[in-house]
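Here the structure comes first, spelled out in structure tokens, and everything after it is commentary.
Please treat every number below as a calculation from the coordinates, not as lab data. Everything quoted here is computed from the prediction, not taken from an experiment. Quick reminder, even Gly has a Cβ in these numbers, built from the backbone with ideal geometry, and neighbours come from all protein chains shown.
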Amino acid sequence: MRNIKWLAGILIGLALIAVFAFARGPASIKQTKADFKDSGATYAKLCADCHGADLGGGLGSNLVDGVWEISKTTPEIEKIIADGNDEAGMPAFSDQLSSGQIKNLVQFIHQQKPVQTIKAVVNVDSIEGGVVKSEVWVDGLDAPWGLVFIGPNRALITEKPGQLRQVVDGKLLPEPITGTPEVFSGGQGGLLDVAIDPDYAENSWIYLVYSHPLEPGSDKSMTKLIRGKIVENKWVQEQVLFAAKPEHYIKSRAHFGSRITFDDKGHLFFGVGDRGRQDVAQDLTRPYGKIFRLKRDGRIPKDNPFLGYSKAYPATFSYGNRNPQGLVWSDGVLWETEHGPKGGDELNVITPGTNYGWPVISYGRNYSGSELTPYTHMDGMEQPVSQWTPSIAVSGLDVVTGDMFKDWNGYLLAGALKFKELRLIKVDGSKYISEQILIKDKGRVRDVGMGPDGAIYVTLNSPGQILRLTPNNKKEDK
Ligand code: HEC
């Protein structure tokens with residue numbers, strides 16, 4: 001018995017020494033925890049340019065898909081990193097990295113999970129002409145931003161400089177609605193979206209979201225949401241539904257958001273951009289880079305996701321959203337489009353409490369073209385369902401409904417300012433399938449929406465027009 005214990009003791013001892021020695025590697029290699037932590041940084045500095053920030057490949061191969069073409073075993077992988085492979089175009093790193101650092105780097109690579117990058121939407125087909133016919137419905141508007149029908153032949157249009165206009169029977173009334181609030185008009189700020197209550201026929205509530213100056217004439221501003229009614233061409237009974245704290249009004253003229261949409265459970269959603277301050281989109285204590293959810297009268301829903309965090313705005317529904325410019329609820333899915341910087345415009349499905357990653361992850365770059373972030377993915381941050389690189393400058397989003405375009409029911413319509421296009425996006429549930437260009441080069445598309453007649457109405461920022469799209473039934477000449 002005693003001998004066996006003694007023997008076991010020696011064996012365990014030997015095993016421990018072996019494990020220890022193996023873990024430490026040859027005495028000449030210094031392996032410290034710090035080294036290992038640094039591997040991520042080393043990778044980002046030396047390898048990411050070719051193999052992708054998320055190791056998903058680029059000029060060099062994907063390093064996390066389990067496919068090894070040149071090197072199979074771990075020592076072979078270490079060797080190719082040290083010695084390179086001229087033929088394949090893999091540089092040698094032995095003069096920049098110690099063999100310990102290389103070992104750590106390979107361990108680091110082995111620990112990374114494969115990522116599914118969202119491929120940019122490019123080479124989109126145009127179906128303009130053959131399928132839809134477009135006519136100018138209203139002309140002579142000053143930077144129109146939002147459009148909503150309040151009756152079969154009556155629509156409201158916001159003009160960014162601050163007027164709320166009315167179209168009756170296809171004619172723009174010369175007098176704007178009086179009594180609407182003063183807006184901060186400058187840069188991207190102004191009178192933004194207009195929407196009507198889902199029960200408008202009974203309650204007449206109209207919702208406006210706009211850039212609100214802290215005091216009359218102030219250059220500090222913030223996105224604000226109100227509702228009111230129109231009686232005899234006058235804006236009356238105004239109620240404030242959302243206003244930021246005064247200390248959150250800032251001098252930026254950029255990224256106000258915003259669109260308004262409603263679900264079928266009595267909620268209203270609207271978005272606010274990062275105001276050009278980037279990192280604040282990750283800060284739950286501040287109202288930038290967020291999608292908000294309220295009840296239609298401005299009360300906070302009891303199940304809003306950040307109520308447990310006392311410093312957050314209680315209306316916060318999602319965060320890390322750079323500049324939401326399209327928002328529409330359809331069939332249980334809240335769709336959002338947001339501007340990326342240079343590249344990385346996104347189509348997102350917004351869910352409660354979710355972080356959409358801006359500016360920590362992005363498919364875009366800085367406007368200068370320099371790198372904004374090496375990351376397109378990160379744990380705890382949501383991917384877009386689709387992304388546009390280069391940016392098309394997404395603006396305005398709606399869902400096709402009604403009989404006039406029956407084949408497209410449930411498809412999304414997305415406007416593009418820079419590309420001067422209207423995109424028709426096929427989706428399935430909350431999945432992106434494909435897209436086509438519906439109209440092109442008519443002007444910078446600011447908003448899009450379905451009319452009560454089933455036609456598609458496209459708001460052009462410049463020229464200040466609204467187009468009406470109907471099916472083109474003209475038979476081909478034979
Ligand atoms: C200048 C671009 C470039 C840089 C920088 C670069 N690589 Fe490579 N690497 C390549 C190319 C090209 C290949 C061969 C591509 C292929 O296998 O299809 C390659 C191959 C490899 C392979 C072999 C893959 C296989 O399938 O067998 C490994 C491992 C590797 N690189 C790791 C790294 C690491 C780690 C770094 C950073 C220290 C790095 N590379 C930096 C371009 C690069």
Q.
Suppose a student asked you for the relative contact order of the chain, using Cα pairs under 8 Å spaced at least 6 residues apart; what percent would you report?
A. 12
Q. Helix 2-24 versus the longest principal axis of the chain: what angle, 0 to 90°, nearest 10, using Cα atoms?
A. 50
Q) What is the calculated FRET efficiency for Glu78 to Lys426, with r their C-beta to C-beta distance and R₀ = 51 Å, to the nearest 0.05? A) 0.65
Q. What is the mean projected area of the alpha carbon convex hull for the range 31-111, to one decimal in square nanometres?
A. 4.8
Q. What does the charge add up to near Arg423, with Lys and Arg as +1, Asp and Glu as -1, over the other residues with Cβ less than 12 Å from its Cβ?
A. -3
**Q.** Distance in nm between pseudo-label sites at Cys50 and Arg299 (7 Å out along the Cβ direction from Cα)
**A.** 6.2
Q: Just subtract the alpha-carbon distance of Ser94 and Val122 from 0.36 nm times their residue separation and send over the number in nm, one decimal.
A: 6.2 nm
**Q.** Only Lys, Arg (+1) and Asp, Glu (-1) charged, at Cβ; the chain dipole about Cα centre in debye
**A.** 1120
Q) With the dipole of the chain worked out from charges on the C-beta (+1 for Lys and Arg, -1 for Asp and Glu) around the Cα centre, which of Leu417, Leu268, Gly60 lies farthest toward the positive end? A) Leu268
Q) Roughly what would the spin-label model give for Lys234 and Asn409, points 7 Å off Cα along C-beta, in nm? A) 4.4
Q) What residues qualify as long-range amide H neighbours of Leu241, i.e. H under 5 Å apart, gap of 5 or more or another chain, H built at 1.01 Å from N? A) Leu225, Ile226, Arg227
Q) If the convex hull of the alpha-carbon atoms of the range 316-390 is projected onto planes in all directions, what is the mean projected area in square nanometres? A) 4.8
(Q) Projecting each Cα onto the charge dipole of the range 59-197 (Lys/Arg +1, Asp/Glu -1 at the beta carbon, about the Cα centre), which of Val122, Gln111, Leu97 comes out farthest on the positive side? (A) Gln111
Q) So what's the back-of-envelope 222 nm ellipticity for the chain, counting only DSSP H runs of four-plus at -39500 (n - 2.57) apiece and dividing by all residues, rounded to 500? A) -4000 deg cm²/dmol
Q.
Can you pull out the trypsin sites (Lys or Arg not before Pro) in the range 48-130 whose DSSP state is coil and whose Cβ has at most 12 other Cβ atoms within 10 Å?
A. Lys72, Lys119
Q) Just how far, in whole angstrom, is the range 53-69 from the range 108-139 if you go by their alpha carbon centroids? A) 25
Q: Provide the per-residue ³J(HN,Hα) series for the range 71-87, in order, calculated from phi with Karplus coefficients 6.51, -1.76, 1.60 and θ = phi - 60°, each as a whole number of Hz, with x at glycine and proline positions.
A: 10, 9, 8, 4, x, 5, 5, 4, 5, 5, 5, 5, 9, x, 8, 3, 4
Q) List the GluC sites (Glu not before Pro) in the range 384-478 that DSSP assigns to loop (not H, G, I, E or B) and whose Cβ has at most 16 other Cβ atoms within 10 Å. Which are they? A) Glu476
Q. If R0 is 22 Å, what FRET efficiency do you get for Lys220 and Ser368 from their C-beta distance, rounded to 0.05?
A. 0.20
Q.
Could you work out how much longer the chain between Lys440 and Asp379 gets when fully extended? Use 0.36 nm per residue separation minus the Cα distance between them, nm to one decimal.
A. 18.2 nm
Q | Efficiency of FRET from Cβ geometry, Glu202 and Lys251, R₀ 60 Å, rounded to 0.05 | A | 0.90
Q: Find which of Ala281, Leu192, Phe317 sits farthest along the positive direction of the dipole of the range 132-471, computed with +1 on the beta-carbon of Lys and Arg, -1 on that of Asp and Glu, about the Cα centre.
A: Ala281
Q: Please tell me which of these pairs span more than 29 angstrom C-alpha to C-alpha: Lys302/Lys342; Lys119/Lys440; Lys229/Lys406?
A: Lys302/Lys342; Lys229/Lys406
Q | Net charge contributed by nearby residues that have their C-beta within less than 13 Å of Thr261 (K/R +1, D/E -1) | A | -4
Q: Any chance you could check the Cα centroid distance between the range 393-411 and the range 336-386 for me, in angstrom?
A: 25
Q) Of all the Cα-Cα pairs you can form in the chain, what percent are over 28 Å apart? A) 58
Q) Using θ = phi - 60° and the Karplus form 6.51 cos²θ - 1.76 cosθ + 1.60, what ³J(HN,Hα) does each residue of the range 312-318 get, whole Hz, x for Gly and Pro? A) 7, 5, x, 7, 4, 10, 8
